[in-house]
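The values are calculated or read from the model by the stated rules, or taken from the named source; none is laboratory data. Predicted, not measured: the structure shown is a model, and the values here were computed from it. Cβ placement follows ideal geometry from the backbone for every residue including glycine, while neighbour counts extend to all protein chains displayed. Note: areas computed on protein heavy atoms with side chains; ligands, DNA, RNA excluded. Shrake-Rupley method; radii C 1.70, N 1.55, O 1.52, S 1.80 Å.
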Amino acid sequence: ERKRTEAALLQADRLAVLQRADRWLVMSGEARLDTAWDALALSGKLRADAGYFEFAATPPPTLGDDVVVIGREPKAARPFKLDIDLEVELGRRLFFKGRGLDARLAGNVRLRADNRGPLRASGSIRTRDGTYDAYGQYLSIERGIINFQGPIEAAGLNVRALRTGLPVEAGVEITGTVLAPRVRLVSDPPVPDAEKLSWIVLGRGQE
């Protein structure tokens, strides 16, 4: 028996898709939604007209995937087919604050998901006019890029932030992924790490 499906064309004009004190998002664009009893497909192009996301400095504690709570039966997963293909433009008024970062975000990302794995993304996000909090100092972001090519949590980092306006401009460079970032001290001109840290924290070299 063939299952009944329904299709709808969605058009948003400055639609508030998220409204919280610390996180809100207004979007415009067009999308197509196909639904059935056991499936949902969403595709289209959206643009962030404005938004603000604020996160705590450290995430709240959670139980690991390998933790089993005695007496709690896991819910049986109901078969449901999900297909998402969305192109998202971040626009010029999307701001992020958290994890040491305070900046405006720009770029384009394509989000895709199906039954074969988690939500995936492709594209790049760049920071604009931002700062990064490191060692108690707000460093100016010289380069801030997040590259997506697969699962969102595997996004690649390419960030360089410096304390500027000093004879030695020192700071940090962050590479690796969101889940496994690698941080190292950098400076211009190059000096030993202890000297870099002194310029970051104290604004002067070691005496």
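Tabulated data for the structure shown
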{"read-out": "Residue in the range 108-129 that is modelled with pLDDT of 85 or more, of a type in the set (Val, Ile, Thr) and surrounded by fewer than 18 Cβ atoms within 10 Å (Cβ to Cβ) present", "value": "no"}
{"read-out": "Tally, over the range 175-200, of residues that are closer than 16 Å to residue 137 by Cα and outside any helix (DSSP H, G or I)", "value": "5"}
{"read-out": "Looking only at the range 148-169, and only at residues there that are in contact with an Asp or Glu (Cβ under 8 Å, 6 or more places away or on another chain) and open to solvent by less than 20 Å² (accessible area, probe 1.4 Å), the one that is farthest from residue 103 (Cα to Cα)", "value": "168"}
{"read-out": "Flag if residue 29 is out of contact with any strand residue (DSSP E or B) (no Cβ under 8 Å at 6 or more places or on another chain) and either exposed (fewer than 14 other Cβ atoms within 10 Å of the Cβ) or at pLDDT 90 or above (or both)", "value": "no"}
{"read-out": "Single residue of 53, 80 found to be out of contact with any Ser or Thr (no Cβ under 9 Å at 6 or more places or on another chain), within 30 Å of residue 7 (Cβ to Cβ) and at pLDDT below 95", "value": "80"}
{"read-out": "In the range 179-207, residue farthest from residue 147 (Cα to Cα) [restricted to those that are among the acidic types (Asp, Glu) and open to solvent by 60 Å² or more (accessible area, probe 1.4 Å)]", "value": "207"}
{"read-out": "Given (1) open to solvent by less than 40 Å² (accessible area, probe 1.4 Å); (2) at pLDDT 90 or above; (3) at negative phi, number of the condition residue 176 does not satisfy", "value": "(3)"}
